[in-house]
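The values are calculated or read from the model by the stated rules, or taken from the named source; none is laboratory data. Every value quoted in this text rests on a predicted model; they were computed, and no experiment measured them. All Cβ positions, glycine included, derive from the backbone under ideal geometry; neighbour counts span all protein chains shown. The accessibility values were calculated without ligands, DNA or RNA, using every heavy atom of the protein model including side chains. Shrake-Rupley method; radii C 1.70, N 1.55, O 1.52, S 1.80 Å.
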Amino acid sequence: QVQLVESGGGLVQTGGSLRLSCAASRSIASSDIMAWYRQRPGEQRTLVASITAGPWLNYADAVEGRFTISTDNVKNTLNLQMNSLTPEDSGVYYCAISWSTATSWGQGTRVTVSA
């Protein structure tokens, strides 16, 4: 079973930055799609950003221009650089990576942006 371990979450003030990382126990070079999702209390998990071979990048409108998704195929990590953070960015962030028909999820890392 593939394991994904997220890190980098924490508490930051409005306008600050955080960098999330997702370390995979399997090579990500052969993955189909990699993504970051966010879940706020009482809400469904929503897509924040995704990346596929190409690379083709996709961002939620609310984070376009502030967040950058990237990969490190040597370290097998998926990253999310988050700048100009606002309280609306708070939540638990999950990474998800798909290989063929199977998708693995991380355990989540909490991001809290104070006003």
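Per-structure values
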quantity: Separation in nanometres of the label points that stand 7 Å from Cα toward Cβ, at T86 and N73; calculated: 3.6
quantity: Derived scalar couplings ³J(HN,Hα) [the stretch 40-50; Karplus, 6.51 cos²θ - 1.76 cosθ + 1.60; whole Hz; x for Gly, Pro]; calculated: 9, x, x, 10, 7, 5, 10, 6, 9, 7, 9
quantity: Å³ per residue enclosed by the Cα convex hull of the chain; calculated: 96
quantity: The chain: most fluctuating residue of G91, G16, G54 per GNM, C-alpha cutoff 10 Å; calculated: G54
quantity: Environment charge at D89 (Cβ cut-off 11 Å; Lys +1, Arg +1, Asp -1, Glu -1); calculated: +2
quantity: The chain: most fluctuating residue of D32, D72, D61 per GNM, C-alpha cutoff 10 Å; calculated: D61
quantity: The chain, relative contact order [Cα under 8 Å, separation at least 6], %; calculated: 37
quantity: In sequence order, calculated HN-Hα J values of the stretch 71-80 (Karplus, 6.51, -1.76, 1.60; Hz; x Gly/Pro); calculated: 10, 10, 6, 6, 8, 6, 10, 10, 10, 9
quantity: Loop trypsin sites (Lys or Arg not before Pro), the stretch 1-67, which have at most 16 other Cβ atoms in a 10 Å radius of their Cβ (DSSP); calculated: R26, R45, R66
quantity: Pairwise label distance in nanometres, N58 with Q1, each label 7 Å out on the Cα-Cβ vector; calculated: 2.7
quantity: 1.4 Å probe accessible area per residue over the chain, in Å²; calculated: 54
quantity: Carbon and sulfur %, accessible surface of the chain computed with the full protein complex present, 1.4 Å; calculated: 49
